[in-house]
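These notes are about the structure you will find just below.
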Amino acid sequence: RTLLLGAATTGLATTFSIRTRPANAAEFTYKFANNQALTHPMNIRAKEAVAKIQEESGGRMAINIFPSSQLGADTDMLNQVRSGGVEMFSLSPIILSTLVPNASLNGVGFAFPSYDQVWPAMDGELGKYVRGEIEKKGLLTLEKIWDNGFRQITSSKGPIETPKDLEGFKIRVPVSPLWTSMFTAFGSAPASINFAETYTALQTGIVDGQENPLAILTTAKLYEVQKYVSMTNHMWDGFWILLNRRAWQSLPEDLQDIVAKHFNAAAELQRKDVMGLNATVQAELEGKGMKFNKPDGALFQEKLRSANFYKDWKAKYGDEAWAILEKAIGKSL
Ligand code: X2X
C-alpha cells in the first residue's frame, strides 16, 4: 500500500514539474562531459565560461560540468554525444578519429615541431578541414580547439632514451588506430585503454608506461604511479568541444552565440594556462621524485620512417588531407 501511494505521489509531482518551470530554472540545460580533473585548466576555464554564459543569458542557459569521466569513458561518451545522452563533450581529435578518420591528422608522430605551428594550423586551414569532416558525421564542434599538449612518455621502469628502449615496452595508449600504429612501429606492446582506467592500469602494473602532456601528469596525479618522464614531444594533441547536433539546433541563435563566444574565449585562456604549466611542471614533479630526460626526437622519427609509418598514414588520410598537414607544419614528413 505504501509503495502504491508513493508511486501515485511521484506521478503527480512529475505531472506538475513538466507543466510549470520554477522561476529560477534554466530554459536549456546542457551536460558537458570530459575526462579531466577539476584542477586541469580545461575545467577551470570551462567553469568560468559556464558562469559567464549563465549570466549573459539571464539564467536561460545552464551547463553542468561532469569532469573526470564521471559520466563514462571517452569511447562511451562519444556515443552519448552522438545520441544526445550528453549535449557537450570534449575529445582528443585522435580518439575522435575512431568516428571521423581524418580528425587525427594533428597527431601524426613528430609532425608539429612547436606551438608556433599548432595554433595557426588549428585556427586555420587544418582546423577548418577537420571541423568539416566532423560535421559530415553528424556532430558539431566549436571553432576553437583547446590544448591538451605535446605528449611525453612516462614509465615506472626506466627512461626512454632511444627507440630501442621502446621495444617490447608495455605502454597504455588512448583508443585510436594512430596511437596503436605508432607504438607498434616502435616495436612496443601498446594497450588501448581509456583515460578513465589509466591510473589503475599503471598502478596495478597492467602496463609499465603511458604518454601524456605535462599538465595531465600533475593534475591527474600520474606521478604517484610513474617514475620517469622522457620528453619526446612525439605528438601534439588537443580537445575539440563536440556538440550534439539536435541539442545545438534547438538553442535559439542568441544562446548559440553566447555559448560559442564564451567557450571560444575560454579556449584561448586555457591554451595560455597549459603553456604556463609546461614551464613549471617539470620542477614540481622533480620535487616529487620523478626523473626527466630529453631524448633526440630525430632518432624516433627515423625509426617511424623506416617502418613506413608516414607512407602508410599518408595513404590512409589521402593526398589532399596530407597536403593540408604538410603545409601547416611547413615541411614534408
Ligand atoms: O586519454 C588521454 O591520454 C588524454 C587525456 O590525453 C586524452 O584525452 C587523449
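Name the pairs whose Cβ atoms lie under 9 Å apart, with the first residue in the stretch 43-54 and in contact (Cβ under 8 Å) with a residue 40 or more places away in the chain, the second open to solvent by 80 Å² or more (accessible area, probe 1.4 Å) and outside any helix (DSSP H, G or I), and 6 or more positions between them or separate chains? So the pair list comes out as 44/38.
When the stretch 180-205 is examined, which residues are found to be of a type in the set (A, V, I, L, M), open to solvent by 20 Å² or more (accessible area, probe 1.4 Å) and within 13 Å of the ligand (Cβ to nearest atom)? Within the stretch 180-205, 191, 193, 196 qualify. For the stretch 206-235, filtered to residues that are over 22 Å from residue 146 (Cβ atoms) and of a type in the set (D, E, K, R), the residue that is surrounded by the fewest Cβ atoms within 10 Å (Cβ to Cβ) is 224. In the stretch 210-227, the residues that are in contact (Cβ under 8 Å) with a residue 60 or more places away in the chain form Cβ pairs under 8 Å with partners that are near the ligand (Cβ under 10 Å from one of its atoms) and among the hydroxyl-bearing types (Ser, Thr, Tyr), at six or more places apart or across chains, as follows: 220/198; 222/198. Quick one: in the stretch 122-152, which of the residues that are in contact with a Ser or Thr (Cβ under 7 Å, 6 or more places away or on another chain) and either among the charged types (D, E, K, R) or closer than 30 Å to residue 223 by Cβ (or both) is surrounded by the fewest Cβ atoms within 10 Å (Cβ to Cβ)? Ranking the qualifying residues of the stretch 122-152, first place goes to 131. If you filter the stretch 236-260 down to residues that are within 16 Å of residue 42 (Cα to Cα) and in a helix (DSSP H, G or I), you find that the one that is most open to solvent (accessible area, probe 1.4 Å) is 260. Checked against (1) over 14 Å from the mean Cα position of the chain (by Cα); (2) within 16 Å of the ligand (Cβ to nearest atom), residue 104 meets all criteria but (1). In the stretch 261-275, which residue that is small (Gly, Ala, Ser) and open to solvent by less than 20 Å² (accessible area, probe 1.4 Å) is farthest from residue 78 (Cα to Cα)? The extreme case among them is 266.
The values are calculated or read from the model by the stated rules, or taken from the named source; none is laboratory data. Since this is a predicted model, take the numbers as computed values, not measurements. So basically every Cβ, Gly included, is an ideal-geometry build from the backbone, and we count neighbours across all protein chains shown. Accessible surface areas use protein heavy atoms only, side chains included; no ligands, DNA or RNA. Shrake-Rupley method; radii C 1.70, N 1.55, O 1.52, S 1.80 Å.
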